[in-house]
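Here you go, one structure.
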């Protein structure tokens, strides 16, 4: 049963903020546990929000003369969670082709701007938001090179208003290396197979560099510029080191091939998927490679321990590899915190898991102290829950996006409220 203090806290929040989408305000949330940038939960801290940013975090903040104070009892304030790779807004119903906008006929599509395909009115977005996932990197599955993926807030009337970075990463699915027979599979042979798998992409990059050189030469000589090459133009930011590459790779062979290719091409990059990354954790740590873990619930390959994927995050964390989490889905984005919780069950420290969902993910995105953190000057996008978000029994009660209160409702909650109403006289209490 809900206690009187809990009921009063909820009523106060509803009265002060929901109307139904209230403007950004000047308020203090008092007396709650707060997740700090290091991932720890600290009791008795206040959160002062003014406008779209966090003004101050600390005990007994007084605020200004117009600042409203809301008492939170036994509540936890978390920064908005970041899903580092999914298809939310691109896929609605997998069996209905017209609602799936993730594929292309060609394999090489660096010119695609994934932001333009996002449906801001997708029913999956409020479902994810109602469980604390407030930021997402959205990618397609359009061949080997899947276009430029944005990092977005999961709130907005159109895709452009959701975007934080419209072109955050170029997404590349690592081609599967053609490995030699098992008795010839030496480390050198595996490396050469990985290099051969990247040969088509290497040629594309070389062609783009020749195109840029021809452009410079035409300007210097005053001659006609070469014909426009949209693929090369899309690669300009990548080859100049302005836009990083996200390599989707699971096996040891694919991971090492991606690292070798990115190093040779002098690219900024991260790895996504990383199912077998635990096997070469020291290799990745020595090269300071960030790993985005996707599919923590997956079964391991034959021959690996049953908990290989569950304990993957623990082994990488112990080696010193920075990690984040990704669902890679659209309808299952809501389960992001539970994937991190599974990793905690197999050795990953809880504070490290919270960082991987928030501040570490923001650091990898290059948005340090802007999102994914509750600290002065950061964006006031966070949520209030009944407990630690890693606990599956915790419920998100309030969501704030840039200081504005957003109802934590979705199709799921509407159906729950519709069909779980108490029925008079049935004696069930439901």
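Please treat every number below as a calculation from the coordinates, not as lab data. Predicted, not measured: the structure shown is a model, and the values here were computed from it. Positions of Cβ are backbone-derived with ideal geometry, glycine not excepted, and every protein chain shown enters the neighbour counts.
For the chain, what proportion of DSSP beta bridges, expressed in % and rounded to the nearest 5, is antiparallel?
Approximately 55 percent, going by the DSSP bridge assignments.
Treating the angle as unsigned and between 0 and 90°, give the value, to the nearest 10°, between the Cα long axis of helix 252-265 and the longest Cα principal axis of the chain.
With both axes taken from Cα atoms, the answer is about 70 degrees.
Length gain on complete extension for the stretch residue 203 to residue 111, per 0.36 nm per residue less the alpha carbon to alpha carbon distance?
Details: separation 92, 0.36 × 92 = 33.12 nm, distance 1.67 nm.
Fully extending the segment from residue 203 to residue 111 adds 31.4 nm.
Angle check, please: helix 199-221 long axis (alpha carbons) against the longest principal axis of the chain (alpha carbons), in degrees 0 to 90, nearest 10.
80
Can you tell me which of 307, 417, 290 moves the most in a GNM of the chain? Springs connect C-alpha atoms under 10 Å apart.
Among 307, 417, 290, the largest GNM mean-square fluctuation belongs to 417.
In nm, to one decimal, how far is the residue 60 label point from the residue 391 one, both placed 7 Å along Cα→Cβ?
Those two pseudo-labels are separated by 2.8 nm.
Here is a follow-up. Counting other beta carbons within 10 Å of each residue's own, what order do 330, 385 fall into, fewest first? Present the calculation step by step, with values, prior to reporting the outcome.
Details: 330 26, 385 23.
Listing 330, 385 from fewest to most nearby Cβ atoms yields 385, 330.
Between residue 195 and residue 413, what length comes free when the chain is fully extended (0.36 nm per residue of separation minus the Cα-Cα distance, one decimal in nm)? Please list the in-between numbers first.
Working: separation 218, 0.36 × 218 = 78.48 nm, distance 4.98 nm.
Contour length minus the Cα-Cα distance gives 73.5 nm.
Here's something else I'd like to know. What residue among 261, 108, 212 shows peak mean-square fluctuation when the chain is described by a Gaussian network model with Cα springs under 10 Å?
Looking only at 261, 108, 212, the largest GNM fluctuation is found for 212.
Then there is this: Restricting to Cα pairs below 8 Å that are 6+ residues apart, what does the relative contact order work out to for the range 81-371? Please round to a whole percent.
Numbers: 580 pairs, mean separation 51.2, N = 291.
Averaging sequence separation for qualifying contacts and normalising by length gives 18 percent for the range 81-371.
Sticking with this structure for a sec: Taking 0.36 nm per intervening residue step and subtracting the Cα-Cα distance, what contour gain separates residue 345 from residue 264 on full extension?
Numbers: separation 81, 0.36 × 81 = 29.16 nm, distance 3.78 nm.
Length gained, residue 345 through residue 264: 25.4 nm.
Turning to a different aspect of this structure: Treat the count of other C-beta atoms within 10 Å as a stand-in for reagent exposure and order 342, 162 from fewest to most. Write down the numbers at each step before the final one.
Numbers: 342 20, 162 23.
Ordered by Cβ neighbours within 10 Å, fewest first: 342, 162.
Test of understanding: in a Gaussian network model of the chain with alpha carbons linked when under 10 Å, which of 402, 176, 414 would top the mean-square fluctuation ranking?
Its mean-square fluctuation being the largest, the pick is 414.
Helix 4-17 versus the longest principal axis of the chain: what is the Cα-based angle in degrees, 0 to 90, to the nearest 10?
60
Also, I was wondering about something else. For residue 96 paired with residue 26, estimate the spin-label separation in nm (one decimal), with each label point 7 Å from Cα along the Cα-to-Cβ line.
Going from the residue 96 label point to the residue 26 one covers 4.6 nm.
Please rank 179, 365, 112, 246, fewest neighbouring Cβ atoms within 10 Å first, as an exposure proxy.
Numbers: 179 15, 365 24, 112 21, 246 27.
In increasing order of surrounding Cβ atoms, one gets 179, 112, 365, 246.
Determine which residues of the range 54-89 fall in the zone a paramagnetic label at residue 42 would reach in this model, i.e. backbone nitrogen under 13 Å from the point 7 Å along Cα→Cβ.
56-61
Can you tell me, using C-alpha contacts under 8 Å and at least 6 residues apart, the relative contact order of the range 317-430 as a whole percent?
Working: 124 pairs, mean separation 16.8, N = 114.
Taking the mean separation of contacting Cα pairs over the length of the range 317-430, I get 15 percent.
Quick check: pseudo-label points 7 Å beyond the Cα along Cα→Cβ at residue 236 and residue 223, how many nm apart are they?
2.1
Relative contact order, percent, of the range 270-367 when contacts are C-alpha pairs under 8 Å separated by at least 6 residues? Each step should come with its number before you reach the end.
On the way: 143 pairs, mean separation 26.6, N = 98.
Worked out over the range 270-367, it gives 27 percent.
Going by Cα centres, the range 142-158 and the range 163-227 are how many Å apart?
With the range 142-158 and the range 163-227 each reduced to a Cα centre, they are spaced 22 Å.
List residues of the range 145-161, by number, whose backbone nitrogen lies under 17 Å from a label position 7 Å along Cα→C-beta of residue 121.
Answer for this model: 155-161.
Still on this structure: Based on the inverse mean of 1/r over its pairs of different Cα atoms, what is the Kirkwood hydrodynamic radius of the range 208-306, in Å?
This gives a value of 15.9 Å.
Once you have the Kirkwood Rh of the range 81-371 from its Cα pairs, apply Stokes-Einstein at 10 °C and 1.306 mPa s and quote D in µm²/s. Display every interim value, and only then the final one.
Working: Rh = 19.8 Å.
Translational D for this selection: 80 µm²/s.
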